[in-house]
Amino acid sequence: MGKALQYGLIGYGLNAVEHITELESPKLVGRTKLIAAFDPNPKACEYIQKLDQVKVTESFEDLLDTPGLRAIIIASPPQFHADQAVAALESGLHVYSEVPMAINKKDVVRIIEAEENSNKKFQLGENYCFIPEVLYAGHLAASGKIGPTVYSESEYLHDVTYRWREGSYGDESKPRVDSWYQLFDPLMYAHSIGPAQVALAGIEKPAPFIEVTSFTNDIGGYEGKPISSPAKAFQVGLFRTETGAIAKCANAYVFAREPTRLMIQVIGRTGTYECYTIGKPGRLFLAKGHTITKTRHRKGKAQIIDKSKITEIIPFIPGHYFGASIRIMNDWLSAIESNKLPLINSKIAANFCLSGIAASESARSGGKLIKIKTFD
């Protein structure tokens, strides 16, 4: 292993703290060194100052000019991701960006061009693609074990109502607080689109979507007003790939469920894998042709896919989100160390991001079918 990658942090919230922790995990320790960080919030800067040998810069521009800096992790609010990623790439820095990649089409293209021109590595932190059950679904698809895939389903139903309440708790009597979640509809936040594309074709080459029809609703809020306005509270999209496979993706900001619901399913012509709660056992069925038994069921074998079964294919890694965060960070660092493209590079990230943007456009038009630009 060569010299540790000196990196900086932009934004010092919960995600940034998690990244620092991940980079000190047994699989990643010693490969990086945090040398600088910036957050416009004075309170956050106080916490940064407590970190050993970490410079607190006065601005994002000062962070980019830090001597010896080779990479940055973007953990700022989403509306800043694109400008910060482009500026960092143009400054000759590798970039790891939290989701979403960008919130409009123009900025998606800007990031792609900046990555190509800089010869640096951009990784979108869509860590949900690296959850063991998602990787297992993608393995079944890519290996052909379930035959050509025809359908995937992915859900990320997260009630973030607390982000609109002063102190992050309470009811309608608590004052409303504006949040960056209001800037875009749920599917633009991803977390279901990426996993669905991975489930259809595997992590090495997720299947891009070429069109979508989508719908949203507000499902609640004080006096019938959506708490996430002007964004919607719940969204579902039906996507199609160039092979004709279909995916259903659902995301929520406000949803009467606790805890968060995460699920993945992939159906091929000769088999099905479904895990209705990530972290819990799923079910795999492999059919034997089109033979029908005397009980009028498809002949084949069904088995429970628990943690031990998944580990046979996807090595177990402890950590945030079932080890997904460490897996994706390891991929980014390995790409830098070996000078190869990360798995969720700018073009793959664009296939995720543009699908979400198109889904929002479709929903706002009442479910109109929208074509989606794709990248190889």
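The values are calculated or read from the model by the stated rules, or taken from the named source; none is laboratory data. Keep in mind it's a predicted model, so treat the numbers as computed, not measured. Every residue, glycine as well, gets a Cβ built from its backbone with ideal geometry; the counts of neighbours run over all protein chains shown.
Answer yes if at least one residue in the stretch 262-276 is polar (S, T, N, Q), farther than 30 Å from PRO26 by Cα and surrounded by fewer than 16 Cβ atoms within 10 Å (Cβ to Cβ), and no otherwise.
In the first step, residues of the stretch 262-276 are kept if they are polar (S, T, N, Q); the result is 265, 270, 272.
Imposing the further condition that a residue be farther than 30 Å from PRO26 by Cα reduces the set to 265, 270, 272.
Imposing the further condition that a residue be surrounded by fewer than 16 Cβ atoms within 10 Å (Cβ to Cβ) reduces the set to none.
Looking through the stretch 262-276, none of the residues is polar (S, T, N, Q), farther than 30 Å from PRO26 by Cα and surrounded by fewer than 16 Cβ atoms within 10 Å (Cβ to Cβ).
Taking the options LYS288, LYS280, name whichever one is farther than 29 Å from ALA358 by Cα, touching a Lys or Arg at 6+ places or on another chain (Cβ under 6 Å), surrounded by fewer than 22 Cβ atoms within 10 Å (Cβ to Cβ) and not aliphatic (A, V, I, L, M). Break it down into steps so the answer makes sense when it comes.
Working: LYS280 fails: touching a Lys or Arg at 6+ places or on another chain (Cβ under 6 Å).
Testing whether each residue is farther than 29 Å from ALA358 by Cα, touching a Lys or Arg at 6+ places or on another chain (Cβ under 6 Å), surrounded by fewer than 22 Cβ atoms within 10 Å (Cβ to Cβ) and not aliphatic (A, V, I, L, M) leaves just LYS288.
Which condition from (1) within 21 Å of the chain's Cα centre (by Cα); (2) among the β-branched types (Val, Ile, Thr); (3) surrounded by 19 or more Cβ atoms within 10 Å (Cβ to Cβ) is the one that VAL109 breaks?
Looking at each condition in turn, VAL109 falls short on (3).
Here is a check on your reading of the model: is PRO67 surrounded by fewer than 18 Cβ atoms within 10 Å (Cβ to Cβ), modelled with pLDDT of 95 or more and under 19 Å from TYR7 (Cβ atoms)? Walk me through it before giving the result.
On the way: surrounded by fewer than 18 Cβ atoms within 10 Å (Cβ to Cβ): yes; modelled with pLDDT of 95 or more: yes; under 19 Å from TYR7 (Cβ atoms): yes.
Yes: the conditions hold for PRO67.
Conditions: (1) surrounded by fewer than 24 Cβ atoms within 10 Å (Cβ to Cβ); (2) over 23 Å from ILE146 (Cα atoms). ALA201 meets all but one. Number of the miss?
For ALA201, the exception is condition (2).
How do the pairs read when you match residues in the stretch 138-150 that are part of a loop (DSSP other than H, G, I, E, B) with residues anywhere that are charged (D, E, K, R), using Cβ under 8 Å and keeping only pairs 6 or more apart or on different chains?
ILE146/ARG269; GLY147/ARG269; PRO148/ARG269
Give the residue that is farthest from the chain's Cα centre (by Cα), with candidates limited to residues of the stretch 336-350 that are under 30 Å from LYS307 (Cα atoms) and surrounded by 19 or more Cβ atoms within 10 Å (Cβ to Cβ).
PRO342
Does any residue of the stretch 230-251 turn out to be crowded, with 20+ Cβ neighbours inside 10 Å and either of a type in the set (Asp, Glu) or under 21 Å from ILE310 (Cα atoms) (or both)?
So far as the stretch 230-251 goes, no, none of its residues is crowded, with 20+ Cβ neighbours inside 10 Å and either of a type in the set (Asp, Glu) or under 21 Å from ILE310 (Cα atoms) (or both).
Please determine whether any residue of the stretch 160-174 is crowded, with 19+ Cβ neighbours inside 10 Å and on the phi > 0 side of the Ramachandran plot.
no
Please go through the stretch 94-129 and pick out each residue that is closer than 21 Å to PHE322 by Cβ, touching an Asp or Glu at 6+ places or on another chain (Cβ under 8 Å) and not in a loop (DSSP other than H, G, I, E, B).
Keep residues of the stretch 94-129 that are closer than 21 Å to PHE322 by Cβ, which gives 96, 98-99, 123-129.
Narrowing the set further to residues that are touching an Asp or Glu at 6+ places or on another chain (Cβ under 8 Å) leaves 99, 123, 125.
Scanning the stretch 94-129 gives a single hit, GLN123.
Within the stretch 1-59, count every residue that is among the charged types (D, E, K, R) and within 21 Å of VAL99 (Cβ to Cβ). Can you show your working first?
Restricting attention to the stretch 1-59, the residues satisfying the condition of being among the charged types (D, E, K, R) are 3, 18, 22, 24, 27, 31, 33, 39, 43, 46, 50, 52, 55, 58.
Add one more test, that the residue is within 21 Å of VAL99 (Cβ to Cβ), and what stays is 18, 22, 39.
Number of matching residues: 3.
So if I check each of TYR321, TYR276, which one is touching a residue at least 24 places away in the same chain (Cβ under 8 Å), over 24 Å from ARG70 (Cα atoms) and not β-branched (Val, Ile, Thr)?
Details: TYR276 fails: touching a residue at least 24 places away in the same chain (Cβ under 8 Å).
Step by step, each of TYR321, TYR276 is checked, and only TYR321 is touching a residue at least 24 places away in the same chain (Cβ under 8 Å), over 24 Å from ARG70 (Cα atoms) and not β-branched (Val, Ile, Thr).
Any idea how many residues of the stretch 156-174 are of a type in the set (Gly, Ala, Ser), outside any loop (DSSP other than H, G, I, E, B) and more than 25 Å from the chain's Cα centre (by Cα)?
So the count comes out to 1.
What strands (runs of 3 or more DSSP E), lying completely within the stretch 219-336, carry at least 3 residues that are in contact with a strand residue (DSSP E or B) (Cβ under 8 Å, 6 or more places away or on another chain) and small (Gly, Ala, Ser)? Before the answer, list the steps.
On the way: elements: 234-241, 246-252, 261-268, 271-275, 282-292, 298-305.
Hits in the stretch 219-336: 246-252, 282-292.
Taking the condition of a type in the set (Asp, Glu), in contact with a Phe, Trp or Tyr (Cβ under 8 Å, 6 or more places away or on another chain) and buried (at least 17 other Cβ atoms within 10 Å of the Cβ), does ASP39 pass? Break it down stepwise before answering.
Working: of a type in the set (Asp, Glu): yes; in contact with a Phe, Trp or Tyr (Cβ under 8 Å, 6 or more places away or on another chain): yes; buried (at least 17 other Cβ atoms within 10 Å of the Cβ): yes.
Judged against the criteria, ASP39 is a match.
Quick check, is LYS340 touching a residue at least 12 places away in the same chain (Cβ under 8 Å) and of a type in the set (Lys, Arg)? Step through it out loud before you land on a result.
Numbers: touching a residue at least 12 places away in the same chain (Cβ under 8 Å): no; of a type in the set (Lys, Arg): yes.
No.
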